[in-house]
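What follows is calculated from the coordinates using simple rules that are stated; it is not laboratory data. This structure is a prediction, so every number in the text was calculated from the model and none was measured. Reconstructed Cβ throughout: ideal geometry from the backbone, glycine too, with neighbour counts over all protein chains shown.
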Amino acid sequence: MRLIFLGPPGAGKGTQAKRLTEKYGIPQLSTGDMLRAAVSAGTEIGKRAKAVMDAGGLVSDDIVNQIVAERIAQADCGKGFILDGYPRTVPQAKVLSETLSANDLKLDAVIELKVDEEALVRRIESRVAETVAAGGTVRSDDNPEAFRKRLAEYREKTAPLSEYYQGQGQLVVLDGMADVDAVTRSIETVLENSAA
Ligand code: ADP
């Protein structure tokens, strides 16, 4: 099962992807998590990505294309994977499609979670509050200014992917405003139908 989750920051992609990894036994590939790991490890990629991530901008296509291509070649992706946060631009989607077809692989579904923007701001505020309450470290891009920039980047560079995947006949749009369990159920229904 190879899946892509699309949707703005705070739409619930990560939450849903985690649930599916348990059910299907395939990994969640979050480029945000991979980049944050590179930043903490102080790798060359991490050093190049940190400032742009903190400001809410997008890391260059070359960097993310490379980390994803390397990651999906690993053994644990043999049964499939869930991409969360990638592709984020039409050029990234084109590179992904080439990488997949070079390996004789195809996507099973592209699922977009639709949410209204006010809800996103509230979700990010509560994510920050919960992290603080639990004594955790708040993401350096979870502040109002970087969040606004992340939303603007989404509208400008990522939203066009809906049309791109629609054109390929692969897009399914689901209501991300429903409660978490209801969203999971609707995703499972889509996947059952795509497997049929
Ligand atoms: P969000 O909660 O905003 O969806 P992510 O954890 O997916 O955040 O990503 C955090 C940051 O990592 C992004 O704002 C961006 O700087 C960088 N990033 C993650 N994935 C990509 C990608 N596919 N292309 C470019 N930059 C990316």
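Across all Cα atoms of segment 127-179, the radius of gyration (one decimal) and Dmax (whole number) stand at 15.6, 45 Å. For segment 14-128, taking the reciprocal of the average inverse distance between every pair of different Cα atoms yields a Kirkwood hydrodynamic radius of 15.5 Å. Rounded to the nearest whole Hz, the Karplus-based 3J(HN,Hα) values (6.51 cos²θ - 1.76 cosθ + 1.60, θ = phi - 60°) of segment 32-39 follow the sequence x, 4, 5, 5, 5, 5, 5, 5, with x at glycine and proline. In this rough spin-label picture, where each label sits 7 Å from Cα along the Cβ direction, the Arg185-Asp62 distance is 4.9 nm. Kirkwood radius and radius of gyration were both taken over the C-alpha atoms of segment 76-115, and their ratio Rg/Rh is 0.97.
Over the C-alpha atoms of segment 82-196, the Rg to Rh ratio, Rh being the Kirkwood estimate, stands at 1.01. Hydrodynamic analysis of the chain uses the Kirkwood radius over alpha carbon pairs. Inserted into Stokes-Einstein at 20 °C and 1.002 mPa s, it gives a translational diffusion coefficient of 124 µm²/s.
Within the listed set Ile26, Ile67, Ile111, the Gaussian network model of the chain (springs between alpha-carbon atoms below 10 Å) gives the highest mean-square fluctuation for Ile67. The sum of -39500 (n - 2.57) across all DSSP H runs of n ≥ 4, divided by the residue count of the chain, sets its helix-only mean residue ellipticity at 222 nm to -17500 deg cm²/dmol. Our summary gives segment 2-195 a relative contact order of 33 percent, counting only alpha carbon pairs under 8 angstrom and 6 or more residues apart. One Cα centroid belongs to segment 89-127, the other to segment 15-30; the line between them spans 14 Å.
Our note on the geometry: Cα centres of segment 141-196 and segment 56-80, 19 Å apart.
Here the Karplus curve 6.51 cos²θ - 1.76 cosθ + 1.60, taken at θ = phi - 60°, turns the phi angles of segment 97-111 into couplings of 4, 5, 4, 5, 5, 4, 9, 6, 10, 9, 7, 8, 6, 10, 10 Hz, with x standing for Gly and Pro.
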